[in-house]
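Structure, as structure tokens:
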């Protein structure tokens with residue numbers, strides 16, 4: 001498996017992958033449609049959001065974004081195509097931490113999908129509160145934080 005920088009022309013593919021990833025939690029079509037805008041990447045977002053993809057034999061299996069400027073950043077999106085679940089998310093998360101450390105971030109915050117909170121905890125993140133959903137009014141998401149591994 002290869003982790004590489006995403007390309008602007010992959011924005012539509014990554015946006016659809018994000019919707020499939022969100023859909024694996026059993027959300028209905030109406031919920032997913034309300035989430036579409038928030039889960040959509042534009043070509044100009046790819047580099048700005050430091051987007052990386054996990055690829056195997058030419059197929060994109062997932063992606064992650066590391067956003068904002070040091071010292072505090074955000075793991076904005078981490079999506080894995082449902083058939084590829086089982087290690088891809090961990091690799092992307094570890095890549096995001098390495099990128100954050102290289103850039104000088106002291107911490108990354110994550111507005112986590114509630115069903116993925118256990119994954120982020122297993123990766124070492126700590127819940128520090130909640131944050132409003134950017135798609136569904138009144139919905140709260142777990143707000144989590146993690147420091148890159150070599151940050152004092």
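What to note about this one:
- Cα convex hull volume per residue for the stretch 1-74 (Å³): 105 Å³
- Spatial extent of the chain: Rg and Dmax, with the Cα atoms as the point set, Å: 14.5, 44
- Centre separation in Å (Cα based) which lies between the stretch 112-152 and the stretch 24-47: 18 Å
- Contact order for the stretch 24-140, expressed relative to its length and based on alpha carbon pairs under 8 Å spaced 6+ residues apart, stands at 22 percent.
- Compactness of the stretch 76-152 as Cα Rg over 2.2 N^0.38 Å, two decimals: 1.12
- Residues residue 103 and residue 36, FRET efficiency given R0 of 22 Å [Cβ-Cβ distance, rounded to 0.05]: 0.15
- Among 26-39, 44-57, sorting by the average number of other beta carbon atoms lying within 10 angstrom of each residue, highest first, gives 44-57, 26-39.
Throughout, read-outs are computed from the coordinates displayed, never taken from laboratory work. Note that this is a predicted model, so its numbers are computed, not measured. Because the Cβ atoms are built from the backbone with ideal geometry, glycine has one as well, and the counts that use them run over all protein chains shown.
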